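Report on the following structure.
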Amino acid sequence: MAQVAPEVKVAEEPLLKVRGLDKHFGPVQALSKVDLDLPAGQVTGLCGDNGAGKSVLTKCIAGIHQPDAGQIFWEGRPVEIRSARDASRLGIETVYQDLALADNLDIVQNMFLGRERVRRGFLDEDEMERAAAATLASLRVTTVRSIRQPVATLSGGQRQSVAVAKAVMWNSKLVILDEPTAALGVMQTQMVLDLVKRLRDHGVAVMVISHNLNDVFEVADRIAVLYLGRMVAQDKASAFDRQSVVEYMTTGTVGRAPVET
Amino acid sequence: MEGSRSLANLVSRWVVASTRLGPRLQSALLRMSSLAVLIGLIIFFGFTAPGWYSTTTLFNILTATSLFLLLALGETFVIISSGIDLSVGSMEGMAGVASAVLIVHIYHGGFGIGVVAAGAAAALVIGLLGGAINGIVVGYLGLNSLIATLATYGAYLGFADIISNGFPVGNLPPAMATLGNGSVIGIPFLVLIAAAASLFCAGLASHTRWGRYVFAIGANREAVRRAGVNLRRHTVLLFTLSGGLAGLAGLLSTAKFLSASSQAGSTDLLIAIAAVVIGGTPLTGGEGTIWGTVVGALIITIIENGFVEMGVSGFWQLVVVGIIIVVAVYVDEYQRKLRIAAASASQPRVDE
């Protein structure tokens, strides 16, 4: 190596950076001057009470809503995400609460829905089955009996796992999970949280939106709290405890005297 | 009540027994109820109608099936996507009348192959166009398919009569008679065309992206939309396919009877839907097979043909088809429930 690489201190540029995001619907200010960092290989828990703006922020990142002001940076470059298509072209996939699975189709068919592999005009089932099996194996989603069974026959946790696997199938760099453990039992929740950790270990940036602080503290490396459309706290998960997150969520600040009731 | 319970009992025992087999064999067996009915009918009429087993009977049945089967094939796709196309019968009539009027207009003696080819093209184009209009109304204007095709059902019937002034169109060239009643190596053209259309549709259903989306739309339209599929274009193509097949049926019906009338397809609509339903495609969409529809269509024709051979009044055919529809759908629904229950139960569960 003749040439010495210049000693650039690569300041861990987050994969996705949101700066000063504003969004209002009519007179309602849904987001105001929101900053958010989503680094690769880390799980960020997004917390907030109902109406705090979690889903509006998510939809701005996923291309469903267009922000009124502010900028989104992807890998350091400013980007405009005008549609879900744009988002997935960048490598952003969102798993909504309703999962968007077709119950009658099997696991492979669901994972490839809209992006089927085709050879000479015909579906290449073998190739899709191989790729789906490889993705599921890499995420260690192994409890399903057969990847050719319709998703109608799967349990809630398995369905969530299939939806997540579908999202990461396309070399996604950022996966947003909207309430992934809502309506799941204890064991199923554990299964999904383990899956989230494996995504992180694969170097994927994950944002988990959740009401359940147990889940957030179990998987999140970082925590961000929204309160009435403002980002009131954002730091390493170790900088929070349950009490402080709840205070941020309910009052937008921390350290005030407890409210007398 | 008693009867339905013992039928349910029988079906559930059948399902339970089949779960002990491999999953592939199991699902194959479960889907064969209409095939079992078909085979049962073939055996039954073999005993009760002397001399029924013959190639003449076979080709009579296949020929009689081929016309409404074309409608049923297109209808299968529409129903799997959880829509319905009520206009196929009048599109058949409209396309048949239009092609016959054109043929009569440009025919100046001789065998008339070229003239018939022009008429065939006209029938197809009219069917495709009629279907595309249905698709645009459903896909772009967002009307429910039942309402949209109810509207065009009447409109196309009206167009057929406008074109022909309400009279049947006859005096067709010999080439038309050959198309309708001729054969190669003993197999009628009509049967060959219907078989080719069935193969084409079966391939479309299970081996193409477009076919996959038909099933996915029937189960979860929103999931398909979010997957980035152009649903409007898909809907237009769906109804255009149905219309094209109806246009083809119109041409062949004109060729077979050497006469075209707006009423040619009036009974075919309901028979086509019956074939789809007997073949195991639920009106709720998301499921179904082309082969099921072919079997369903054959069941209907065999009942008609067998009754005639037995000397039973043809009126009974409608009654028996009605009974078979009810029983077939009941058994299908019951199986579907049990199949999902069985698959979920045999699942190694990790949850509560």
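The values are calculated or read from the model by the stated rules, or taken from the named source; none is laboratory data. Keep in mind it's a predicted model, so treat the numbers as computed, not measured. Cβ atoms come from the backbone with ideal geometry, glycine included; neighbour counts cover every protein chain shown. Surface accessibility is based on the protein's heavy atoms, side chains included, excluding ligands, DNA and RNA. Shrake-Rupley method; radii C 1.70, N 1.55, O 1.52, S 1.80 Å.
Report Rg(Cα)/(2.2 N^0.38 Å) for region B:122-176, keeping two decimals.
Ratio of Cα Rg to 2.2 N^0.38 Å: 1.41.
Which residues, if any, in region A:151-189 have at least 40 Å² less accessible area in the whole protein complex than in the isolated chain, probe 1.4 Å?
Residues of region A:151-189 that lose at least 40 Å² of accessible area once the other chains are added: A:Thr153, A:Met187, A:Gln188.
Hey, in the GNM for chain B with a 10 angstrom Cα cutoff, which one of B:Ala132, B:Ala117, B:Ala260 fluctuates hardest?
B:Ala117
Can you compute the radius of gyration and Dmax for region B:30-140, using only the Cα atoms, both in Å?
Calculated on Cα positions, Rg and Dmax stand at 19.3, 56 Å.
Do you know which residues of region A:58-100 lose at least 50 square angstrom of accessible area in the protein assembly compared with their chain on its own, with a 1.4 angstrom probe?
A:Ala100
What distance in nm separates the simple spin-label points at A:Arg148 and B:Ser313, each placed 7 Å from Cα in the Cβ direction?
Each label point is offset 7 Å from its Cα along the Cβ direction, giving 5.0 nm.
Calculated FRET efficiency, A:Asn50 and B:Asn230, Cβ-Cβ r, R0 41 Å, to nearest 0.05?
With R0 = 41 Å, the Cβ-Cβ based efficiency is 0.75.
Determine the total buried accessible area between chain A and chain B, counting protein heavy atoms only with a 1.4 Å probe; round to the nearest 100 Å².
2500
Principal axes first, then extents: for the Cα atoms of region B:178-243, list largest minus smallest coordinate on each axis, whole Å, largest first.
50, 20, 15
Please compute the contact order of chain A in relative form: average sequence separation of alpha-carbon pairs under 8 Å and at least six residues apart, divided by the residue count, as a percent.
26
Name the shape class, rounded, prolate or oblate, that the alpha-carbon gyration tensor gives for region B:208-318, where a ≥ b ≥ c are the square roots of its eigenvalues, rounded holds for a/c under 1.5, and otherwise prolate holds if a/b is larger than b/c and oblate otherwise.
Verdict is oblate for region B:208-318.
How large is the direction-averaged shadow of the alpha-carbon convex hull of region A:42-171, in nm²?
Averaging across all directions leaves 10.0 nm² for the Cα convex hull.
Could you compute Rg(Cα) / (2.2 N^0.38 Å) for region A:16-251, with N its residue count?
Taking N as the residue count of region A:16-251, the ratio is 1.02.
Counting each DSSP H run of 4 or more residues in chain A as -39500 (n - 2.57), what helix-only mean residue ellipticity at 222 nm follows after dividing by all residues, to the nearest 500 deg cm²/dmol?
Using -39500 (n - 2.57) per qualifying helix, the result is -9000 deg cm²/dmol.
Compute the whole-percent fraction of alpha carbon pairs in the protein assembly as shown spaced more than 41 Å apart.
Roughly 41 percent, once rounded to a whole number.
Only counting protein heavy atoms at a 1.4 Å probe, give the residues of region B:173-222, ordered by number, whose accessible area falls by 50 Å² or more when the other protein chains are present relative to the chain alone.
So the qualifying set is B:His207, B:Arg209, B:Arg212.
How large is the Rg to Rh ratio of region A:117-261 when both quantities use alpha carbon positions and Rh follows Kirkwood?
Across region A:117-261, the Cα-based Rg/Rh ratio is 1.09.
Grab the alpha carbons of chain B, take their convex hull, and tell me the volume per residue in Å³.
172
Two decimals is fine: what is log10 I(q)/I(0) at q = 0.25, 0.33 Å⁻¹ for region A:118-163, from a Debye sum with one equal scatterer on every Cα and no solvent?
For region A:118-163, the Cα-only Debye profile gives -0.93, -1.25.
Please report the relative contact order for region B:211-298, taking Cα pairs under 8 Å with a sequence separation of at least 6, and give it as a percent rounded to a whole number.
28
Say R0 is 22 Å: what FRET efficiency, to the nearest 0.05, do B:Asn165 and B:Leu270 get from their beta-carbon distance?
Here the calculated transfer efficiency is 0.25.
Can you give the calculated 222 nm mean residue ellipticity of chain B, where each DSSP H run of n ≥ 4 adds -39,500 (n - 2.57) and the sum is split over every residue, rounded to the nearest 500 deg cm²/dmol?
-25500 deg cm²/dmol
When the accessible area of region A:16-251 is split by element with a 1.4 Å probe, what percent falls to carbon and sulfur?
Using a 1.4 Å probe with all protein chains present, region A:16-251 comes out at 48 percent carbon and sulfur.
Rounded to the nearest 5, what is the percent of antiparallel bridges among the DSSP beta bridges in region A:16-251?
Bridges in region A:16-251 are about 55 percent antiparallel.
Per residue, how large is the accessible surface of chain A? Use a 1.4 angstrom probe and give square angstrom.
The answer is 47 Å² per residue.
Hey, what did chain B get for relative contact order, percent, Cα under 8 Å, at least 6 apart?
Over chain B, the number comes to 31 percent.
What is region B:96-216 by shape, rounded, prolate or oblate, if you read a ≥ b ≥ c off the alpha carbon gyration tensor as root eigenvalues and call it rounded for a/c under 1.5, prolate for a/b larger than b/c, and oblate otherwise?
oblate
In nm, give the distance between the simple-model label positions of B:Val125 and B:Leu150, each being 7 Å from the Cα along the Cα-to-Cβ direction.
Computed distance between label sites B:Val125 and B:Leu150 equals 3.3 nm.
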